[in-house]
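For reference, the structure discussed in these notes is given below.
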Amino acid sequence: MLRTVKPKNARAKRFLKSREAKVNENPKNTLVVKGSSTSQVVTDALKDLYALKRPNAVNFSKKNEIKPFEEEEKLEFFSQKNDTSLMVVGSHSKKRPHNLTFIRMFNHQLLDMYEFGVENARCMSSMPGPKCAVGLKPLMTFQGERFDTDDTLKAIKNYFLDFFNGEQTTHINLAGLEHVISLTATGEGENTRILFRTYSIQMKKSGVKTPRVELQEMGPCYDLKLRRSQLPKADMWNQACKMPKELKPKKQKNIEKDEMGDTYGRVHLGKQEFAKIQTRKMKGLKKRGADEEDEENEAKRQKLSETDDEE
């Protein structure tokens, strides 16, 4: 474990303060690490994942002796040293060829990790066509019922949503949606595979205001075979999902939100007394006494009699 460092100047103090826990956390950084032995398939996969995660990623170009499922302390050391909560370790051996391990940390402690074998790999550079810009968030699609029923695949879905989440935003610019990442679950048991596909979004003329949208394979594309997994522990998972008090929405009486985010309110009205409602002031609606009505009727009769005498 790293020793506790006390700041010696203002610059070091600001640096340590930036790594402290915050109510609104910074975007999660990813550490891309090569194992002691790698293949060209693994090297290309790490390069493409680093390109998709930039600028929130750190790439180690040199090889490191690291075994994720056996050396938990080394993972925590790398995480704390580089201030990263996500890691991707690539390795290659006779027993586990073309291996990728996705790791997630919480408070620089191991939360969960998933090991995949890369099959039918196609890197980004081998596919023609435009690529997405740096730092853009992708659209994510998950196809297959097992992403909602199987505990392991549910955890993998949560991991990849966290992996490509990037910076928190409140508004979406449609022009900034340049690529889609699609994950499809196939097979069962030991033959479980996740088809990882990446497409660029092409907006073309359609003759109307809404453009015609087409998807073109951008890369990378893999068939990820699930080998080993370590799901998060219940107590650490609850702690990781805990929301600060400052971010909890304040309860408002008689106001609810549905699944689509629409707000509904209930308004309570008191007893309505129509006699006291202020209406438009008209002579015909004015309240009058019996004497006033008799005088008005007498005046009308006199006016009629005068007209008859003139005739």
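In percent, how large is the relative contact order of the chain, given Cα pairs closer than 8 Å and 6 or more residues apart?
Once divided by the residue count of the chain, the mean separation gives 15 percent.
Under the rule of at least 5 residues apart or a separate chain, name every residue whose amide H is placed under 5 Å from the amide H of Ser37.
His92
How much mean residue ellipticity at 222 nm does the chain get from its helices, if each DSSP H run of length 4 or more adds -39500 (n - 2.57) and you divide by all residues, to the nearest 500 deg cm²/dmol?
Values: 7 runs with 79 residues, N = 311.
After summing the helix terms and dividing by residue count, I get -7500 deg cm²/dmol.
Give me the one-decimal nm value for the distance between modelled label points at Thr170 and Glu217, 7 Å along each residue's Cα-to-Cβ direction.
Once both label points are built, they end up 4.2 nm from each other.
Can you list which of the GluC sites (Glu not before Pro) found in the stretch 1-81 are DSSP loop residues with at most 10 other C-beta atoms within 10 Å?
Within the stretch 1-81, the qualifying GluC sites (Glu not before Pro) (loop, at most 10 other Cβ atoms within 10 Å) are Glu20, Glu25, Glu65, Glu70.
How big is the convex hull of the Cα atoms of the stretch 26-232, per residue, in Å³?
Dividing the Cα hull volume of the stretch 26-232 by its residues yields 133 Å³.
Per 0.36 nm of contour for each residue apart, how much would the distance between Cys241 and Lys8 grow if the chain were fully extended, relative to their Cα-Cα spacing?
80.4 nm
In nm, to one decimal, how far is the Lys250 label point from the Phe69 one, both placed 7 Å along Cα→Cβ?
With each label point 7 Å from Cα toward Cβ, the separation is 5.1 nm.
For the stretch 59-145, state which trypsin sites (Lys or Arg not before Pro) are in a DSSP loop and have at most 11 other beta carbons lying within 10 Å of their beta carbon.
Those that pass, being in a loop and sparsely packed, are Lys94, Lys95.
Could you state the number of Å between the C-alpha centres of the stretch 105-167 and the stretch 1-63?
Taking the Cα centre of the stretch 105-167 as reference, the centre of the stretch 1-63 is 18 Å away.
Enumerate by residue number the GluC sites (Glu not before Pro) in the stretch 91-151 meeting two conditions: DSSP loop (anything except H, G, I, E, B), and at most 12 other Cβ atoms within 10 Å of the site's Cβ. Walk me through the intermediate numbers first.
Numbers: sites: Glu115, Glu119, Glu145; in loops: Glu145.
Loop-located and lightly packed - Glu145.
What length, rounded to one decimal in nm, is gained on full extension from Ser126 through to Ser36, with 0.36 nm per residue of separation minus their alpha-carbon distance?
Net length gain for the segment: 29.8 nm.
Computed from the coordinates by the stated procedures, all read-outs in this text should not be read as laboratory data. A quick note: this is a predicted structure, and the numbers were derived from the prediction, not measured. Glycine also receives a Cβ, built like all others from the backbone with ideal geometry; neighbour counts cover every protein chain displayed.
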